[in-house]
Ligand code: AMP
């Protein structure tokens, strides 16, 4: 079963994908992370997408599809697309190439999202995500897991956050309607705790045992 996770930054898509991966063996396809890895490795694609990413703009579809191609040939029994599709064009691509059983919309108020994103820090070594208020590291600005330095993502500054929220409302909201029309949309109130959301999610997608 393939799933698409939709929602503004800070709505907990990555956390929920991580929980499903651990418990049920889904593969977590985190588009933002795949793009950041190209930037870190300074690949040709990485150099081309840097300015879009840092300003909080959408990366053009042709680059997104190139990154995804790699994943589509894998013989996996369940993929979770985290942050894809974000445009109608991407949703149509998904419908044709990698249909999903459900699209899950993690619905969160912009104000709460901004608070969550500005207190988000990531480990510069292993990529683990922390929240300085809800889930702080044990030692000041050091990763509990590997001891790496915690840093703020380059696109987690105010201007880029606002831009990403605008893009979500203008370009990604129609994608939610797209899945609703096809009767495969699950909408979840993302202001709840990760544990509550996880319980609702496994019930909605029939993974409860
Ligand atoms: P995220 O890690 O999901 O917050 O994504 C970080 C950035 O990657 C976004 O602000 C975009 O610049 C880019 N990005 C991620 N997913 C997509 C997508 N589906 N389409 C276009 N750009 C994307």
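FYI, it's all coordinate maths here, none of it is from the lab. Nothing here was measured: the structure is a model prediction, and the numbers come from that model. Positions of Cβ are generated from backbone atoms using ideal geometry, with glycine treated the same way; all protein chains shown enter the neighbour counts.
Here are some notes:
- Among beta bridges from DSSP that stay inside segment 26-172, the antiparallel ones total about 65%.
- Computed across segment 5-157, the Kirkwood radius stands at 16.6 Å (inverse of mean 1/r, all Cα pairs).
- Extension gain, residue 92 to residue 57: 0.36 nm times the residue separation minus the Cα-Cα distance gives 10.6 nm.
- Summary of the geometry: segment 50-101 and segment 135-163, compared by the centres of their Cα atoms, lie 25 Å apart.
- 67, 100 arranged by Cβ crowding within 10 Å, fewest neighbours leading: 67, 100
- Size descriptors for segment 129-209, from the alpha-carbon set: Rg then Dmax equal 17.4, 48 Å.
- A simple spin-label model places pseudo-atoms 7 Å from Cα toward Cβ; at residue 206 and residue 146 they are separated by 3.9 nm.
- Sorted by Cβ density within 10 Å, fewest first, the residues 140, 156: 140, 156
- Sites residue 21 and residue 181 - FRET efficiency at Förster radius 35 Å, r taken between beta-carbons, to 0.05: 0.75
- When the alpha carbon gyration tensor of segment 169-209 is reduced to an equivalent ellipsoid, its three semi-axes come out at 23, 15, 5 angstrom, largest first.
- The fraction of all Cα pairs in segment 114-160 landing in successive 10 Å bins from 0 to the largest distance is 31, 54, 15, 0, given as whole percents.
- Rounded to the nearest 500, the 222 nm mean residue ellipticity of the chain from helices alone is -13500 deg cm²/dmol, with -39,500 (n - 2.57) taken per DSSP H run of at least 4 residues.
- Cα gyration tensor category, rounded, prolate or oblate, for segment 1-48 with a/c compared to 1.5: prolate
- Projected over all directions and averaged, the alpha-carbon convex hull of segment 71-202 occupies 9.7 nm².
- Among 179, 84, the ranking by other beta carbons within 10 Å of each residue's beta carbon, starting with the fewest, stands as 179, 84.
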